[in-house]
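The numbers here are math on the coordinates, done by the rules we state, and not lab data. The shown structure was predicted, so the numbers you read here are calculated from the model rather than taken from an experiment. Here the Cβ is made from the backbone with ideal geometry for all residues, glycine too, and neighbour counts use every protein chain on show.
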Amino acid sequence: MFIKSIKATFIRDWITQLRAYPMHFFIGNVLTVFYTVLGAFFMYHLLFQGHLKASFEQYTGTSDYMTYVIIGSLAYALVVRTLLNVSRSLITELRQGTLESLMLAPFSRIGYFIGNMLQQTITSLGEVFLSMIFCLIFGLSVGTINGVTFVVSLVMTLYAYFGLSLCLGAIMLYTRDTYISQNTLFLFIFLVSGVIFPVEYLPKYLNVIGASLPVRDSIVILRAAVMDGVTIESLSPIYLRLFLLGTGYFVVGYSAIKKIERIALEKIFG
């Protein structure tokens, strides 16, 4: 049942993606990254005249601002796309009127969410890698990338995002809202996760809150793999912390969704 749920959900979502979301939706997501990087490019070269504070290099270990921003923007695009679509899966079922039939079907909840995540991962990675090609003209440097570390870091990143998406999905299903909850979370992630600037510039209380989200660590390991070419062993402490965060969010989110499903069904028939 577990494998069948993954396969069925993946195929259904893939067909929906192809038929209901045409190519211009894919291009629009690529352009979002493009415009973010373009804004950083103009800021760096025109506003700051290519100069950085000494503290930037001290905090980040690099003077390559554009590569720093590009990797952060690509990671942020990945978290938005995966969290957005996986977390909205059940509330989409509710809005389409298929939630009750889904709950009555003999399906695996974990398989359902994994199938959704796998389909969205393929689409999101396609957008991210295409964006990387465009970002080469803005100074993206990948000459020091460690391929093995990058793949492991990407897998750990997606695992952590999966757990976080379940928590967001539980909130969406309970409140029956997608706009306020998702955009509030995404803006907060953008602020505290070091997407375009080092988190050391933030107040301490925001650093503490930001450290509780797996996005910050995921951006750190992806940058380390691409910009520094570090080995897996040197990132082991961060991998462990990211795994624990992802597992914690998964347990909380999955438990919450099972309870909120009943509440959502009661509201439908109440």
**Asked** What chymotrypsin sites (Phe, Trp or Tyr not before Pro) in the stretch 1-64 are in a loop by DSSP, with at most 16 other Cβ atoms within 10 Å of the Cβ?
**Response** Phe48
**Request:** Calculate the dipole size of the chain relative to its Cα centre from +1 charges on Lys and Arg beta carbons and -1 charges on Asp and Glu beta carbons; express the result in debye to the nearest 20.
**Result:** 740
**Asked** So what's the angle, to the nearest 10 degrees on a 0 to 90 scale, between helix 23-42 and the longest Cα principal axis of the chain?
**Response** 30
**Request:** Could you pull out every one of the lysines with an alpha carbon less than 22 Å from that of Lys258, ignoring same-chain neighbours closer than 8 positions?
**Result:** Lys4, Lys7, Lys267
**Message:** List the lysines whose Cα sits under 21 Å from the Cα of Lys53, skipping any in the same chain fewer than 8 residues away.
**Reply:** Lys204
**Asked** Once the Cα gyration tensor of the stretch 110-225 is found, what semi-axes does its equivalent ellipsoid get, as square roots of 5 times the eigenvalues, in whole Å, sorted largest first?
**Response** 25, 21, 14
**Request:** Give me Met132, Met227, Met43 ranked fewest to most by other Cβ atoms within 10 Å of their Cβ, as a rough exposure proxy.
**Result:** Met43, Met132, Met227
**Message:** Treating only the Cβ of Lys, Arg, Asp and Glu as charged (+1, +1, -1, -1), what charge dipole size does the stretch 52-202 show about its Cα centre? Round to the nearest 20 debye.
**Reply:** 240
**Request:** Arrange the following residues from fewest to most other Cβ atoms within 10 Å of their Cβ: Ile238, Ile180, Ile6.
**Result:** Ile180, Ile238, Ile6
**Fill in**
Here the Kirkwood hydrodynamic radius of the chain, Cα-based and in Å, equals 19.6
**Asked** In whole Å, how far is the Cα centre of the stretch 132-154 from that of the stretch 60-94?
**Response** 15
**Request:** Please order Ile219, Ile91, Ile11 by the number of other Cβ within 10 Å, starting at the fewest.
**Result:** Ile11, Ile91, Ile219
**Message:** Let me check against my output: what whole-number percent is the relative contact order of the chain, with C-alpha pairs under 8 Å and at least 6 apart?
**Reply:** 28
